[in-house]
1. Only one of these is without any contact (Cβ under 8 Å) to a residue 24 or more places away in the chain and not in a helix (DSSP H, G or I): 262, 283. Name it.
2. Residues of the stretch 180-192 being within 30 Å of residue 157 (Cβ to Cβ) and either modelled with pLDDT under 95 or buried (at least 23 other Cβ atoms within 10 Å of the Cβ) (or both), which ones?
3. Which residues, counting only those in the stretch 242-260, are touching a strand residue (DSSP E or B) at 6+ places or on another chain (Cβ under 8 Å) and exposed (fewer than 15 other Cβ atoms within 10 Å of the Cβ)?
4. Please tell me if residue 239 is at negative phi, in contact with a strand residue (DSSP E or B) (Cβ under 8 Å, 6 or more places away or on another chain) and in a helix (DSSP H, G or I).
5. Checking residue 354 against (1) touching a strand residue (DSSP E or B) at 6+ places or on another chain (Cβ under 6 Å); (2) surrounded by fewer than 17 Cβ atoms within 10 Å (Cβ to Cβ); (3) in a loop (DSSP other than H, G, I, E, B), which single condition isn't satisfied?
6. Take the residues of the stretch 140-164 that are assigned to a helix (DSSP H, G or I) and free of Cβ contacts under 8 Å to residues at least 12 places away in the same chain: which is nearest to residue 242 (Cα to Cα)?
7. Can you pull out every residue in the stretch 242-259 that is under 21 Å from residue 185 (Cβ atoms) and either in a strand (DSSP E or B) or in contact with a helix residue (DSSP H, G or I) (Cβ under 7 Å, 6 or more places away or on another chain) (or both)?
8. So in the stretch 309-329, with the set limited to residues that are assigned to a helix (DSSP H, G or I) and out of contact with any helix residue (DSSP H, G or I) (no Cβ under 7 Å at 6 or more places or on another chain), which one is surrounded by the fewest Cβ atoms within 10 Å (Cβ to Cβ)?
């Protein structure tokens, strides 16, 4: 019975700490005060205090008294974490947000979600709002991350006001020391290109997004791998598109290139969505995938897995990206990380039915 009592007292005191019932700059209630408040023995109170000390909620100064620890002060109110992402409803981002939310919820943080639609103006507006909304930290996917950033001063202002931030899915070159969690986009496309080369594809078209960091890294992985295998890189076999023209331009360009090159036997796509759209476009032109041409994606997304042709693609551990970003940010807020972490996750090749050996 005593054990149940002191464990209940521990949980009750924790709730009071989190709700702000105890001041961080004053003495924690004495044993006598707690004994009177809970109507239990001194032994029960001491057992409860011992557990709170071991769990780093309070600490004792010999001959002075007990105080709230840094951990307790941190937990006294809900942390407000802003998550600024390019597309909330896009096919990969719900899983990233789910990963972030799982960690923030576990740590009793409030998630404030914003989407920029990959527009710099909206990113700047949301960053400015942070200074007015008492935000404790930011997880941000930079908009058009490959382009020169004209609002670096806003990130410098975050630093000045001790508001930590973590980049996810991309980063700005002008902030080389900023913490980030990204996928190894270079390796992902390199593995796909190598696979097509090893399965006897001779003329491989590449479709890449021009205005984000991922697109540039994926293009680099494609180009460097061709070079490594002694295949001439042909810029005419690259289709670039941007956020604004992604629904139409890639497929107009495919039609143009196929009218000029009748020997294209493989297409490396920026992501699974582009790959699926490309397959549907080719089918509409009576070009069969994979019999006439191989097509690869990138992301191992849910839509790719459910598509009628299982895509050859690479993994993109979205929940893990979100969880890791949230953990890094909370560690920075709590002072557990002194050096800013920069983490790159390695993707894995997934062989599907959208490609075939050209022998």
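1. Exactly one residue qualifies, and that residue is 262.
2. 180, 181, 183, 185
3. None - no residue of the stretch 242-260 is touching a strand residue (DSSP E or B) at 6+ places or on another chain (Cβ under 8 Å) and exposed (fewer than 15 other Cβ atoms within 10 Å of the Cβ), so the list stays empty.
4. no
5. That leaves (2) as the condition not met.
6. If we take residues in the stretch 140-164 being assigned to a helix (DSSP H, G or I) and free of Cβ contacts under 8 Å to residues at least 12 places away in the same chain, then 153 is nearest to residue 242 (Cα to Cα).
7. 250
8. My answer is 324.
The values are calculated or read from the model by the stated rules, or taken from the named source; none is laboratory data. The structure presented is a predicted model; accordingly, all values stated were derived computationally and were not measured. As a convention, Cβ positions derive from the backbone with ideal geometry for all residues, glycine included, and neighbour counts pool all protein chains shown.
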